[in-house]
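The values are calculated or read from the model by the stated rules, or taken from the named source; none is laboratory data. Source: prediction; values computed, not measured. With ideal geometry, Cβ positions are generated from the backbone for all residues, glycine too; neighbour counts draw on all protein chains shown.
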Amino acid sequence: MVNEKRKERDREREKGAEEKDLKTAATKSRMWQDFLWVCVGGAAVLYALYSWLIPAAVQYNGWWALLWHDLIVERMLDALMGSTRPQRLLRAVQKNSTRGDPQSVISAIDHFCRHKEWAMNVGDEKGSILDGVVSEVNPSTALELGTYCGYSTVRIARLLPPGSQLITLEFNPAYAAVAKQVIAWAGLQDKVQLVEGPSGDLIPQMKELFGVKSFDLVFIDHWKDRYLADAQLLEECGLLRKGSVLLADNVICPGTPEYLEYVRNSPRYESRYFKSHLEYTQAEDGLEKSVFLG
Ligand SMILES: C[S@@+](CC[C@H](N)C(=O)[O-])C[C@H]1O[C@@H](n2cnc3c(N)ncnc32)[C@H](O)[C@@H]1O
């Protein structure tokens with residue numbers, strides 16, 4: 001009798017222990033499920049923030065757009081992918097455009113920058129204003145300050161009349177290496193001379209290095225604090241003739257107030273603003289076209 005009761009108690013104890021184990025296992029599995037949902041949900045929220053919400057929120061403010069695309073996203077992707085933005089842009093060109101077809105190179109870069117990664121090219125919208133000015137001036141010698149990956153170089157060079165030349169200056173060797181490949185991919189290497197070095201050192205050597213008398217067109221698109229100094233250097237070096245055109249990008253965002261003040265108020269220039277948007281955004285930016293009057 002006593003034995004029976006003991007066995008009964010042992011059975012109940014075992015049953016209780018089994019039920020406890022089952023409950024613990026169920027709680028653990030629910031915790032894992034919850035954790036998984038939090039991870040999936042968190043990843044979805046981060047993806048939505050990264051792909052749509054933040055880009056949509058910053059696209060009307062140039063400074064926020066530059067902070068997001070040019071600092072945060074670029075650094076993050078460089079670290080995650082082990083490559084640089086210009087290298088990724090070059091791969092997109094090689095994958096999505098036709099060798100020897102400049103228009104397809106331009107479209108591949110614009111597509112990459114609108115759908116994958118923003119980049120500091122003049123872009124498609126201001127690019128068509130640039131095209132208009134290049135076609136109007138029809139330069140036989142043109143200078144570009146700031147090549148980056150060669151987007152605007154390709155845009156300008158594809159419109160140049162036969163026998164004309166475009167000299168483009170870039171002081172970052174990594175950007176210059178990519179630009180050379182983009183220009184060659186577009187089949188424009190014979191029209192373009194890419195020179196590596198700082199504009200302040202190279203401008204005074206233009207006559208000696210390339211036998212240039214003066215430039216018909218100068219596209220100014222390097223660091224903004226150099227616009228005024230380099231425009232005045234071009235004047236001092238006698239590289240502007242009556243009728244030479246300076247076309248400056250980003251005069252509103254990031255902005256070049258001293259340069260604008262100079263070309264708009266100097267009797268040596270006739271200047272006009274072309275309103276547009278910062279590349280691949282809706283924030284205001286524009287180009288300033290200034291004709292040198294001598
Ligand atoms: C806005 S990006 C040029 C974009 C390019 N024009 C386009 O639209 O495709 C400016 C470039 O100028 C270069 N740069 C800045 N200051 C320079 C200088 N003083 N001399 C030569 N290159 C310069 C930078 O390294 C950068 O690649």
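Of all residues in segment 67-86, which are assigned to a helix (DSSP H, G or I), in contact (Cβ under 8 Å) with a residue 12 or more places away in the chain and either of a type in the set (Phe, Trp, Tyr) or surrounded by fewer than 17 Cβ atoms within 10 Å (Cβ to Cβ) (or both)? The answer is Trp68, Asp70, Leu77.
Do you know which residues across segment 1-53 are of a type in the set (Val, Ile, Thr) and within 21 Å of Met76 (Cα to Cα)? Residues satisfying the conditions are Val40, Val45.
The set of residues in segment 230-254 being outside any loop (DSSP other than H, G, I, E, B) and either within 9 Å of the ligand (Cβ to nearest atom) or modelled with pLDDT under 95 (or both) consists of Asp230 alone. Which of the residues belonging to segment 108-123 are within 13 Å of the ligand (Cβ to nearest atom), closer than 19 Å to Ile72 by Cβ and in a helix (DSSP H, G or I)? Within segment 108-123, Phe112, Cys113 meet the criteria.
Of the residues making up segment 96-120, those that are over 14 Å from Val178 (Cβ atoms) and of a type in the set (Phe, Trp, Tyr) number 1. Please indicate, with yes or no, whether at least one residue in segment 181-196 is over 27 Å from Val105 (Cβ atoms), surrounded by 14 or more Cβ atoms within 10 Å (Cβ to Cβ) and over 22 Å from the mean Cα position of the chain (by Cα). The answer is no, given that none of the residues of segment 181-196 is over 27 Å from Val105 (Cβ atoms), surrounded by 14 or more Cβ atoms within 10 Å (Cβ to Cβ) and over 22 Å from the mean Cα position of the chain (by Cα). Evaluating Lys242 against the criteria (1) in contact with a strand residue (DSSP E or B) (Cβ under 7 Å, 6 or more places away or on another chain); (2) among the charged types (D, E, K, R); (3) under 30 Å from Val93 (Cα atoms) leaves one unmet condition, (3).
Would you mind stating whether Gly286 is more than 13 Å from the ligand (Cβ to nearest atom), farther than 17 Å from Leu166 by Cα and touching a residue at least 60 places away in the same chain (Cβ under 8 Å)? It is true that Gly286 is more than 13 Å from the ligand (Cβ to nearest atom), farther than 17 Å from Leu166 by Cα and touching a residue at least 60 places away in the same chain (Cβ under 8 Å).
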